[in-house]
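**Student:** So that we are looking at the same thing, I have put the structure below in structure tokens.
The values are calculated or read from the model by the stated rules, or taken from the named source; none is laboratory data. Predicted model, so just to flag it, every value in this text is computed and none were measured. Reconstructed Cβ throughout: ideal geometry from the backbone, glycine too, with neighbour counts over all protein chains shown. Note: areas computed on protein heavy atoms with side chains; ligands, DNA, RNA excluded. Shrake-Rupley method; radii C 1.70, N 1.55, O 1.52, S 1.80 Å.
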Amino acid sequence: MQNAKQESEAQSPQGWNWVETTVWTERMLAALGDGVKGGKWFSLWDKIYRPRTLERAWEIVRKNRGSSGVDGVTIKRFEAQAGKYLEELHVALKEDKYHPEPVRRVYIPKVGGGKRALGIPCLKDRIVQAALKMTLEPIFEKEFLPNSYGFRPERGAKDALREVDRLLKEGYVWVVDADVEKYFDTIPKADLLRRVEERIADGKILALVEQFLNQGVMEDCKVWTPTKGTPAGAVISPLLANIYLHDMDQCLSREGIKVIRYADDFVALCRTETEAQAALSLIRHWMNNNGLSLNAEKTHVGNCTVPGKGFEFLGYRFEAGRRWVRKSSLQKLQDTIRRRTRRTVGQSMEMVIKSLNPTLRGWFGYFKHADKWTFRRVDGFVRRRLRAILRKQEKRPGFGRCHADHTRWPNSFFATRGLFTLHEAYVLASQSR
């Protein structure tokens, strides 16, 4: 009877409704709340390879989609024989025969130039990592501080931005805008594993974490093993990254420094320049002692109420008492609009607008607190692109910028076809506040 109760879906305590009940039973959640002996968790391995855990992990990975790894197995192919593949994973884990494949190294372009490296694990490895994350995350979530927002359950970028806004209004206007140099690529593996060992005593769990930290990387048909870091793009990497920076959060918190962190992107907000310089010195000291470094060119201290001395955080720029959309964030949106509004698109205006609207709505939902003139600018850009399509369909050259085009296809022309307008959305949002 007791076993049946443990296998049933647990009712999480308040604030813990996000935990995966396929892993976390009522008894485990009670132990999490009360604390375990010595502060370390034993006997977690069977939670990883349990069929129900792997099935739930597969559901999560399937929902997130993503590309195939070095073995070429896609979501569609795995889905066709999911039962067979999951059983193979279950047996391999239970019999200690599981070994992850190398990650596939790819590069994605950064807005403004340059490329960012990503490591794409094989599908089966992503499933095991999801099962591992489901098991470990509540243990470390109980330790994490409230100032950390990135890749955490029921927390996000908007929460971090609200806290930054609150502190600025309270007078914390001297800001340390810090940038960690290649954070995911430079985390010292041994130190990271030691931080995991502070809460986990199950040797097989630790061995699995170590396997993922030491995964090979396949690039240009060659396999090599990085000496540092955890692959950006792996399911488990965000949790491991938060575990490593948790010590910094504690260090700064003990000194009373207000830090808002989203993964490796963080700002320290202070009342005076002296406090800000002291905070920067302490951050540098912690980085040096923990195998990391700050990007000197992207790290600075300034009074954000002064024009030209603002800071950028999570897509916004805070400067002179106002919020702007960061240039790279605006550029990314414009690039997306350009791809969907090529003059040779070959679709009706209604279809083009239908493809644009979800992007525009989502973008406004995040950036609705930006300066209002941004929305007029984007609206104008969208309509110019649409007018250029209409000119092309009439076999006329041009980019839809002349007054005659505006007269022929006024703003109301696009409104009647359902185009989402950022400025109108801003006005409506302002009236409801």
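**Student:** State whether one or more residues within region 173-195 are under 30 Å from Tyr366 (Cβ atoms), without any contact (Cβ under 8 Å) to a residue 40 or more places away in the chain and of a type outside the set (Lys, Arg).
**Tutor:** There is no residue in region 173-195 that is under 30 Å from Tyr366 (Cβ atoms), without any contact (Cβ under 8 Å) to a residue 40 or more places away in the chain and of a type outside the set (Lys, Arg).
**Student:** Cβ-Cβ under 6 Å, sequence separation 6+ or interchain: first residue in region 104-123 and at pLDDT 80 or above, partner surrounded by 11 or more Cβ atoms within 10 Å (Cβ to Cβ) and hydroxyl-bearing (Ser, Thr, Tyr). Which pairs?
**Tutor:** Matching pairs, first to second residue: Lys115/Tyr107; Ala117/Tyr107; Ile120/Ser67.
**Student:** When the residues of region 241-276 are filtered to those that are assigned to a helix (DSSP H, G or I) and of a type in the set (A, V, I, L, M, F, W, C), which remaining residue is surrounded by the fewest Cβ atoms within 10 Å (Cβ to Cβ)?
**Tutor:** Cys251
**Student:** For the condition out of contact with any Lys or Arg (no Cβ under 7 Å at 6 or more places or on another chain) and closer than 29 Å to Glu197 by Cα, what is the one hit in Arg254, Arg322?
**Tutor:** On the way: Arg322 fails: closer than 29 Å to Glu197 by Cα.
Arg254 is the lone residue from the list that is out of contact with any Lys or Arg (no Cβ under 7 Å at 6 or more places or on another chain) and closer than 29 Å to Glu197 by Cα.
**Student:** Taking Ser293 as meeting all but one of (1) among the polar types (S, T, N, Q); (2) open to solvent by less than 40 Å² (accessible area, probe 1.4 Å); (3) under 24 Å from the mean Cα position of the chain (by Cα), write down the number of the exception.
**Tutor:** Against the list (1) among the polar types (S, T, N, Q); (2) open to solvent by less than 40 Å² (accessible area, probe 1.4 Å); (3) under 24 Å from the mean Cα position of the chain (by Cα), Ser293 comes up short only on (2).
**Student:** Right, something else. For Arg361, only one of the following conditions fails: (1) surrounded by 14 or more Cβ atoms within 10 Å (Cβ to Cβ); (2) modelled with pLDDT of 95 or more. What is its number?
**Tutor:** (1)
**Student:** Can I ask one more? Pick from region 385-433 the residues that are basic (Lys, Arg) and at pLDDT 85 or above: which of them is most open to solvent (accessible area, probe 1.4 Å)?
**Tutor:** Only one residue fits best here, namely Arg408.
**Student:** What about Ile283, is it among the β-branched types (Val, Ile, Thr), more than 23 Å from the chain's Cα centre (by Cα) and closer than 28 Å to Glu141 by Cβ?
**Tutor:** Against the criterion (among the β-branched types (Val, Ile, Thr), more than 23 Å from the chain's Cα centre (by Cα) and closer than 28 Å to Glu141 by Cβ), Ile283 does not qualify.
**Student:** Residues that are farther than 29 Å from Glu55 by Cα, open to solvent by less than 20 Å² (accessible area, probe 1.4 Å) and not polar (S, T, N, Q): list the helices (runs of 4 or more DSSP H) wholly contained in region 120-238 that include at least 2 such residues.
**Tutor:** Fully inside region 120-238 and qualifying: 157-169.
**Student:** Output the residues belonging to region 90-119 that are among the aliphatic types (A, V, I, L, M) and open to solvent by 10 Å² or more (accessible area, probe 1.4 Å).
**Tutor:** Val91, Ala92, Val106, Ile108, Val111, Ala117, Leu118
**Student:** Based on this model, can you work out whether Leu390 counts as within 17 Å of Ile337 (Cα to Cα) and either among the polar types (S, T, N, Q) or in contact (Cβ under 8 Å) with a residue 60 or more places away in the chain (or both)?
**Tutor:** Taking the combined requirement at face value, the residue does not satisfy it.
**Student:** State yes or no: is Arg343 over 27 Å from Phe266 (Cα atoms) and not in a helix (DSSP H, G or I)?
**Tutor:** Numbers: over 27 Å from Phe266 (Cα atoms): yes; not in a helix (DSSP H, G or I): yes.
Yes, satisfied.
**Student:** Right, another one. Do any helices (runs of 4 or more DSSP H) lying entirely in region 1-86 carry at least 2 residues that are modelled with pLDDT under 95 and more than 23 Å from Phe140 (Cα to Cα), and which ones are they?
**Tutor:** Result: 2-7.
**Student:** Against the condition surrounded by 14 or more Cβ atoms within 10 Å (Cβ to Cβ) and either free of Cβ contacts under 8 Å to residues at least 60 places away in the same chain or part of a loop (DSSP other than H, G, I, E, B) (or both), how does Arg317 come out, does it pass?
**Tutor:** Judged against the criteria, Arg317 is a match.
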